[in-house]
Amino acid sequence: MADADEVAYLTAVELTDRYRSGLLAPIDVVRVSLERAERYRDLNILTALDVERSLAGARQAASRYREDRARPLEGVPVVVKDLIDTAGLVTGYGSSIFAGHVPERDAAVVRRVREAGGIVLGKSATHEFAWGVTTDGGSRGPTRNPWDPAVVPGGSSGGSAAALAAGLAPLALGTDTAGSVRIPAAFCGVAALKPTFGSVQADGVFPLAPSLDTVGPMARSAGDLELLFSVISPGTLERPAPKQGVVFGVWEQAHQAECTPEIDRVFRVAVSALRQAGAPVVSVTSDELPELYPTLGATVGAEGIVGHRRAGLWPERRSAYHRTVRQRLEHASGISLEQYAQAQRDRALITSLAARVLGGVDVLLSPVSGVSPAPIGHDAETGSARARSFRERVMTFTAAQSLTGLPTCTVRAGFDDQGLPVGVQLTSAWGREGMLLWAARLLVDAVPEVQQRWPAI
């Protein structure tokens, strides 16, 4: 077998190629994943491991390769966010309220992964009930970023992103309501796709804001994102490459929060690299945009508290919530019907303006966050000026895509001065994931020197 550290960072596409050629065995890959999960327990990435079923699945996968019956994900380890139900495997939604909860059925996306031969290695940490952008607010303590354990991995799919960066698995499932696959992908230097709203079944996923909630694939390459997306949303991926090339646009009016000089530098270098590679990058403008962050906040807050009330959790279980989520629910209690209605009017206008802007370009480029990952624990008091500023300078950049339901892909574009990865976000029109993933490859290929580094853990 190849060196274990090399195996840990092979893509899913590379793994399946090696399985077919006999250069690797699924059982060896699963053992590497399980060993690394144990080695990096201090990072608090996984909340549950499915050891016996994973080993059994690897043995079955080997048989299917020998019999030439391999399915698309045959023998590939996958981690699943703890917000997504997995039959027979503890799923606590990041909360002590559901400690020890074991679902009887798989969520629809998990069922598709298993049917495609994927091996569900375990569950990845999430901010409690997915209501946070740090993943340091859950029942099991903070999840740490493999690039620097003193900083957050982003959230709420922080465990999934950290698992990819730490080489625990090549594929992961996350969810995105307000940036929850894109932010951790950027902070951990991996890739993620927020698909078109409604293109992936959300059955068996604990809801946050149902008009925004989206299940998305996470990986270390655009090719792997395409592979996993084609499994969880079969028949929706338009594959033909564009004949005339991809036209990129930069919609500065949607960049309503300030970027640090380091984030701005990485974004400008990425734009320049695309131009040098021959891709047209143009500025686009629109009529005045409503404020994105308040619109997103009112939508998530109002829908979130409704869901927790319907589930009989709020306010009945108030004291059992993590303090950061309890404070968000308390704040959401003050959102009026008038505020929610205004947010939906603004949302409709944002959706219309975004559609018009995308009428002139194929893909929009933007930062994922205006800042680098914050230190663990910075969000201990959500009402503090520091916590408010961080959330606003992150979620302002992910808000437009969440509110409009547009498909959005995050890939690594560079590093800040501390050596932490920085992501860039690509957005296309509804249903154009094929175009989007093609464009993501163009961007990755334009900055190849930043793609091969992984955490020195």
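The values are calculated or read from the model by the stated rules, or taken from the named source; none is laboratory data. Given the structure is predicted, the values throughout are model-derived calculations rather than measurements. Every residue, glycine among them, receives a Cβ derived from its backbone with ideal geometry; neighbour counts consider all protein chains shown.
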Candidate set: the range 429-444, residues that are within 19 Å of Gly198 (Cα to Cα) and hydrophobic (A, V, I, L, M, F, W, C); chosen: the one surrounded by the most Cβ atoms within 10 Å (Cβ to Cβ) = Leu436
Single residue of the range 56-97 satisfying the filter (hydroxyl-bearing (Ser, Thr, Tyr) and more than 24 Å from Ala162 (Cα to Cα)) that is surrounded by the most Cβ atoms within 10 Å (Cβ to Cβ) = Tyr65
inquiry  = What's the number of the only condition in (1) farther than 25 Å from Val13 by Cα; (2) modelled with pLDDT of 95 or more that Gln244 fails to meet?
reply    = (2)
request  = Within the range 1-36, track down each residue that is under 15 Å from Arg220 (Cβ atoms) and not in a helix (DSSP H, G or I).
outcome  = Tyr9, Leu10, Thr11
ask   = Within the range 402-428, restricting attention to residues that are over 22 Å from Gly278 (Cα atoms) and small (Gly, Ala, Ser), which residue is surrounded by the fewest Cβ atoms within 10 Å (Cβ to Cβ)?
value = Gly419
ask   = Just for the range 413-438: of the residues that are hydrophobic (A, V, I, L, M, F, W, C) and touching a Cys at 6+ places or on another chain (Cβ under 8 Å), which one is nearest to Asn145 (Cα to Cα)?
value = Leu426
remark   = If you go through Val215, Val246, Val200, the only one that is surrounded by 16 or more Cβ atoms within 10 Å (Cβ to Cβ), on the phi < 0 side of the Ramachandran plot, of a type outside the set (D, E, K, R) and in a strand (DSSP E or B) is Val215
task = Scan the range 320-329 and give yes if some residue there is of a type in the set (D, E, K, R), in contact (Cβ under 8 Å) with a residue 24 or more places away in the chain, closer than 26 Å to Ile350 by Cβ and assigned to a helix (DSSP H, G or I), otherwise no.
result = yes
message = Exactly one condition in (1) in a loop (DSSP other than H, G, I, E, B); (2) of a type in the set (Asp, Glu); (3) under 30 Å from Gly297 (Cβ atoms) is false for Asp264; which is it?
response = (1)
task = From the list Ser286, Ser336, pick out the single residue that is of a type in the set (S, T, N, Q), touching a Leu at 6+ places or on another chain (Cβ under 6 Å) and either over 30 Å from Ala446 (Cα atoms) or surrounded by fewer than 18 Cβ atoms within 10 Å (Cβ to Cβ) (or both).
result = Ser286
key: Residues (touching a strand residue (DSSP E or B) at 6+ places or on another chain (Cβ under 6 Å) and in a loop (DSSP other than H, G, I, E, B)) located in the range 87-116   = Leu89, Val90, Ala107
inquiry  = Considering only residues that are aromatic (Phe, Trp, Tyr) and either in contact with a helix residue (DSSP H, G or I) (Cβ under 6 Å, 6 or more places away or on another chain) or modelled with pLDDT under 95 (or both), which ones fall in the range 130-156?
reply    = Trp131
ask   = In the range 383-419, how many residues are more than 22 Å from Asp346 (Cα to Cα) and in a loop (DSSP other than H, G, I, E, B)?
value = 6
query = What pairs come up if the first residue lies in the range 20-37 and is under 17 Å from Gly57 (Cβ atoms), the second is assigned to a helix (DSSP H, G or I) and of a type in the set (Val, Ile, Thr), and their beta carbons are under 8 Å apart, counting only those six or more places apart or on different chains?
reply = Leu24/Val7; Asp28/Val7; Val29/Val7; Val32/Val7; Leu34/Val51
note = Arg317 vs (1) buried (at least 16 other Cβ atoms within 10 Å of the Cβ); (2) out of contact with any Lys or Arg (no Cβ under 7 Å at 6 or more places or on another chain); (3) within 28 Å of Ala99 (Cβ to Cβ): all pass except (1)
